[in-house]
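The values are calculated or read from the model by the stated rules, or taken from the named source; none is laboratory data. Small disclaimer: the values here were computed from a predicted structure and weren't measured. Note that we place each Cβ from the backbone using ideal geometry, even for glycine, and neighbour counts take in every protein chain shown. What goes into the accessible areas is simple: the full protein's heavy atoms, side chains included, and nothing from ligands, DNA or RNA. Shrake-Rupley method; radii C 1.70, N 1.55, O 1.52, S 1.80 Å.
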Amino acid sequence: MTASLIGRPVKRKEDRRFITGTGHYTDDLSRPHQTHAVFVRSPHAHAKIRKIDAAPALALPGVIQVLTGEDLKADNVQGLICGWMIHSKDGSPMKAGGHPALALGKVRYVGDHVAVVIAETPAAAKDGAEAVVVDYEELPSVTSTGDAQSSSVQIHDEAPRNTVYQWALGDEKATGAAFANAAQVVELNLVNNRLIPNAMEPRAALGEYDSGSGIYTLTTTSQNPHVARLVLSAFVQIAPEHKLRVIAPDVGGGFGSKIFIYPEETVCVWAAKRVGRPVKWTAERGESFLADAHGRDHVTHGALALDKDGRVLGLRVKTTANLGAYLSTFSSAVPTYLYATLLSGQYNIPAIYAEVDAVYTNTAPVDAYRGAGRPEATYVVERLMEEAARKLKLDPAEIRRRNFIREFPHQTPVILAYDIGDYDASLKEAVKRADVSGFAQRKADAAKRDKKRGLGFSTYIEACGLAPSAAVGSLGAGVGLWESAEVRVNPTGSVEVLTGSHSHGQGHETTFAQLVADRLGISIDQVEIVHGDTDKVQFGMGTYGSRSAAVGLSAISLATDKVIAKAKHIAAYVMEVPEDDVEFKDGEFAAVKTNKKMTFGEVALAAYVGHKFPTDQIEPGLKETSFYDPKNFTFPAGCHICEVEIDPDTGVVEIVKFTAVDDFGTVINPMIVEGQVHGGIAQGIGQALLEHGVYDKESGQLLTGSYMDYCMPRADDLPSFEVGMTITACPSNPIGVKGCGEAGAIAAPAAVMNAITDALGVKEFDMPATPEKVWRALSGQRA
Amino acid sequence: MPKIEMRVNGKPISVETEAETLLVHFLRDRLGLTGTHVGCDTGQCGACTVHLNGEAVKSCTMFAVQAHGAEITTIEGLAKNGKLHPMQEAFREHHALQCGFCTPGMIMAAVDIVRRKPNADEKTIRQELEGNICRCTGYHNIVKAIASAAAGMGARS
């Protein structure tokens with residue numbers, strides 16, 4: 001018996017090209033005779049466009065064309081869509097304004113797309129973009145979440161009071177009764193700060209059109225090329241689906257921001273036909289700040305009703321969610337079904353009622369960013385739990401234990417049914433690893449050095465493995481969220497696995513190959529993972545929502561089962577034994593009552609040669625596909641504990657220890673899983689301490705538009721992390737995995753802020769906890 | 001157009017280029033060395049880090065003509081005779097990369113850190129990485145890889 005590859009820290013297959021500089025990101029690719037696109041962007045937060053004069057740009061050397069929204073309209077190119085219908089509590093559908101790829105008559109945020117200049121060189125296109133004269137009539141703007149509904153500014157005619165929807169979930173009456181019977185009520189006002197995703201590779205697009213075949217090709221920085229093709233063909237109507245190929249080559253991080261169908265990519269592929277040459281665009285970082293979909297931006301009032309022993313009776317949440325100036329691809333689902341459905345946390349809460357108002361503002365569109373709704377939910381629940389512990393003078397671990405769900409499956413009052421978990425186990429392990437028992441001493445020691453120590457917990461849950469198609473369909477999703485796979489065995493026994501998942505850092509080429517190699521009993525070097533090209537992979541829903549292993553790899557697993565079944569059938573014929581007598585183990589098909597056996601490679605060859613079995617009864621070849629639709633979401637959960645030390649003189653918060661213990665179900669490659677946890681925590685700490693997308697209230701200008709202004713976590717802002725795992729295998733998919741990509745970003749902000757409020761001894765304190773804010777809070781105390 | 005001469009990854013180069021061409025664009029667009037990346041427009045992210053006469057520089061902060069006469073090493077030139085540099089090996093061994101976009105700049109900066117501070121501890125390594133941003137790894141494994149490579153490069157003798 002060879003050792004299983006599952007659960008081993010196999011080094012990544014994809015690394016060699018990245019460490020030698022031989023990867024192929026979109027901007028690394030060029031085509032003969034390509035042109036370059038630069039976008040004319042709105043300098044105003046809100047303005048009418050009176051006139052666009054392209055003549056001065058067209059007069060410049062190298063400028064080929066200047067295209068506007070009117071040109072898109074003339075070619076019948078439709079606007080961008082939001083793929084998830086949300087209904088308000090009065091039953092009315094959400095109020096969505098139009099989203100043209102290039103503005104039609106009006107711009108609605110700084111960075112909005114006014115026109116595109118196509119030129120011979122990037123420099124000529126840039127000069128051209130500066131030369132286009134746009135006559136704007138400036139309008140007043142509103143950027144702040146809390147002001148959107150009361151503002152006299154109307155951003156879209158379709159949405160009075162800038163309100164997209166007023167949605168609710170849960171039982172209002174039962175929740176009211178829970179509060180009426182409560183011994184203790186804890187309330188908090190919470191702001192979930194706007195974040196700017198900042199994948200290190202800026203978005204890019206290379207559009208091509210072949211006039212002979214009529215086929216368009218878009219090479220772009222996408223997490224889900226098939227979804228991009230579907231939207232661009234069926235809705236935006238660039239080209240019929242079979243005449244549009246979308247390729248996502250190596251992609252340098254996404255974190256959600258590369259899920260969406262953006263104006264720039266749309267324009268490049270469309271313009272390729274207009275210009276008759278390939279059109280290439282690569283965002284400058286400043287453009288990423290302005291026009292990548294941002295994340296979070298919630299204003300929330302949360303209230304928790306408890307009995308005298310700290311058992312939660314009810315939770316009431318009222319949230320205003322900023323969706324920016326246009327509804328991005330999945331934006332409407334983020335503050336509703338990805339948020340309020342998670343408000344039960346790890347706890348047995350009898351009654352929950354959540355109201356969410358989604359608003360338009362004159363800011364960049366807001367959509368899914370690592371965690372998408374679940375970090376916001378965790379932040380509300382875990383800040384409230386910690387505050388409840390303080391108010392009731394209970395140990396923060398103990399109040400959580402008193403409320404943990406321990407019987408599964410567990411139906412929450414907010415749609416989701418948790419399939420499995422062991423919250424006590426992860427809490428216990430985290431408490432041990434964080435040395436919580438030694439905290440009092442460390443706090444006392446710090447006090448002697450005039451430093452303030454704090455400890456914060458976050459026992460989070462997430463719904464991942466997005467998602468069961470019937471479930472999301474009933475909630476308004478425009479697509480099913482299954483995944484496809486094809487396992488293609490070559491005559492020489494090597495294997496290509498085509499997957500609709502897309503890796504942009506997650507290491508699928510290794511993890512997926514581990515599973516297939518393990519199942520087929522072949523070397524991992526014999527397995528190639530193919531993804532990111534609609535011409536190669538039949539279909540796919542892409543990578544987001546921690547779904548690649550739970551859904552994508554499950555599809556691969558099922559397709560592999562089918563390959564083994566067919567190979568067994570062929571092996572039985574070739575060995576001239578009954579099929580029931582054939583056993584497949586460690587890469588060999590053995591006939592049990594004889595000494596006959598065939599290796600996997602020999603069966604693969606036989607399958608293609610076809611001499612030795614009746615090809616009228618068994619088709620030659622060895623290739624199988626699977627479309628896998630999960631039975632349920634998966635529910636990764638765990639406990640993160642943060643310990644901070646604050647210097648009262650400077651307000652600087654140091655994370656002295658960050659402990660994460662997560663239950664991701666079965667782990668295929670612990671090295672990769674831990675890496676995902678590290679990265680998630682870093683983004684969570686970034687949100688808590690450093691990052692904040694800020695617009696000027698008066699002008700609507702983005703104040704945090706570069707790395708000089710938007711504080712990215714750097715190596716010296718972070719500690720090394722203490723990471724552990726507990727495991728309950730997921731019963732809802734064939735491999736037992738739950739998903740690990742978002743956990744850190746979901747759990748960490750609450751843990752950090754609970755630690756900081758503990759250290760400061762304050763109740764309400766909003767992210768990011770910058771030194772200035774912390775110092776002021778302490779100064780207030782001193783005054 | 002000025003003519004510049006330099007050695008890039010050991011090979012002599014002699015070409016004309018516009019005076020305002022940044023070194024990073026020269027490497028990527030003229031020489032096809034696309035391993036050096038552009039991640040920002042303010043000299044902050046470090047994805048474009050290369051070696052100029054053995055020292056790490058951000059190739060987006062200088063013109064190609066300023067590198068006239070210099071010896072440039074990019075990520076493509078770090079491995080010698082098909083053998084990975086110990087820093088490249090360490091990044092792979094310690095899973096110090098995910099999406100790989102910041103990786104070339106990170107590795108070039110890391111080689112220079114170890115050259116200058118062969119006995120750097122974790123804190124020093126973290127401070128030295130101030131000029132390179134990674135969004136994927138939380139730096140945890142990058143710091144481990146650099147410390148390990150420093151030992152492997154015989155620096156801790």
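Brief remarks on what is shown
- Taking every C-alpha pair closer than 8 Å and separated by at least 6 residues, the mean separation divided by the residue count of chain A gives a relative contact order of 16 percent.
- With the convex hull drawn around the C-alpha atoms of segment A:361-501, the volume per residue stands at 276 Å³.
- Charge context of A:GLN184, other residues only, Cβ under 9 angstrom, K/R +1, D/E -1: +1
- Mean residue ellipticity, 222 nm, helices only, chain A: the sum of -39500 (n - 2.57) across DSSP H runs of n ≥ 4, divided by residue count and rounded to 500, is -8000 deg cm²/dmol.
- Contact order relative to length of segment A:606-707, as percent, for alpha carbon pairs under 8 angstrom and 6 or more apart: 15 percent
- Potential extension, A:GLU187-A:CYS711 segment - 0.36 nm per residue separation minus Cα distance: 185.6 nm
- Rough spin-label spacing in nm, given labels placed 7 Å along Cα→Cβ, for A:GLU158 and A:ARG16: 5.1 nm
- Burial of 20 Å² or greater, segment A:480-510 residues [accessible area, probe 1.4 Å, versus chain by itself]: A:GLY505
- Spatial separation of Cα centroids for segment A:573-606 and segment A:258-277, in angstrom: 52 Å
- Rounded to whole Hz, the Karplus (6.51, -1.76, 1.60) HN-Hα couplings of segment A:211-225, x for glycine and proline: 5, x, 9, x, 9, 8, 10, 10, 9, 7, 7, 10, 8, 8, x
- Overall form of chain A: oblate. Here a/c, set by the Cα gyration tensor axes a ≥ b ≥ c, is 1.5 or more, and a/b is not larger than b/c.
- D by Stokes-Einstein for segment A:482-628, Kirkwood Rh over Cα pairs, 10 °C, 1.306 mPa s: 102 µm²/s.
- Förster radius 45 Å - calculated FRET efficiency between A:LYS773 and A:SER211 (Cβ-Cβ, nearest 0.05): 0.20
- Loss of accessible area when A meets B, both sides summed, Å² nearest 100, probe 1.4 Å: 4000 Å²
- Between the alpha-carbon centres of segment A:340-384 and segment A:475-549 there is a gap of 31 Å.
- Each Cα pair under 8 Å and six or more residues apart adds its sequence gap; the mean of these over the residue count of segment A:482-628 is a relative contact order of 32 percent.
- Prolate/oblate/rounded call for segment A:718-783, Cα gyration tensor, a/c under 1.5 rounded: prolate
- Between amide H atoms placed 1.01 Å from N, distances below 5 Å from A:ILE64 occur with A:ILE118, A:ALA119, A:GLU120, all of them 5 or more places distant or on a separate chain.
- Cβ-defined net charge surrounding A:ILE259, 14 Å radius [Lys, Arg +1; Asp, Glu -1]: +1
- Taking the Cα centre of chain A as origin and assigning +1 to Lys and Arg Cβ atoms and -1 to Asp and Glu Cβ atoms, the resulting dipole is close to 880 debye.
- Rounded to the nearest 10 degrees, the angle from helix B:103-116 to the longest Cα principal axis of chain B is 70 degrees.
- Loop-resident sites, segment A:390-449, for trypsin sites (Lys or Arg not before Pro), counting at most 13 other Cβ within 10 Å (DSSP): A:LYS393, A:ARG406, A:ARG449
- About the centre of its Cα atoms, segment A:482-628 shows a dipole size close to 120 debye [charges on the beta carbon of Lys, Arg (+1) and Asp, Glu (-1) only; nearest 20 debye].
- Degrees between helix B:140-152 axis and first principal axis of chain B (Cα, 0 to 90, nearest 10): 90 degrees
- Per residue accessible area of the protein assembly as shown, 1.4 Å probe, in Å²: 35 Å²
- Dipole in debye (nearest 20) - segment A:232-300, about Cα centre, beta carbon charges: Lys, Arg +1; Asp, Glu -1: 360 debye
- Rounded if a/c under 1.5, otherwise prolate or oblate - segment B:3-76, Cα gyration tensor axes: prolate
- Residues in segment A:634-663 that a label on A:LYS448 would reach, taking backbone N under 18 Å of a point 7 Å out along Cα→Cβ: A:645-646
- The apolar share of the surface of the protein assembly as shown, taken as the fraction of accessible area on carbon and sulfur atoms (1.4 Å probe, ligands and nucleic acids excluded), comes to 51 percent.
- Measuring between their Cα centroids, segment A:150-212 and segment A:727-764 lie 21 Å from each other.
- Per residue of A:658-666, other chain Cβ atoms within 10 Å of the residue Cβ number 0 on average.
- Solvent exposure ordering (accessible area, 1.4 Å, most first) of A:TRP270, A:TRP775: A:TRP775, A:TRP270
- Residues of segment B:84-130 that bury at least 50 Å² of accessible area when the other protein chains are present, relative to the chain alone (probe 1.4 Å, heavy atoms, ligands and nucleic acids excluded): B:LEU84, B:ARG92, B:HIS95, B:LEU97, B:GLN98, B:CYS99, B:PHE101, B:ARG126, B:GLU130.
- Among A:ALA103, A:ALA57, B:ILE72 - extreme Cα towards positive end, dipole of the protein assembly as shown, charges at beta-carbon: B:ILE72
- Taking a Cβ cut-off of under 9 Å around A:SER426, the surrounding Lys, Arg, Asp and Glu residues balance to a net charge of -4, with basic ones at +1 and acidic ones at -1.
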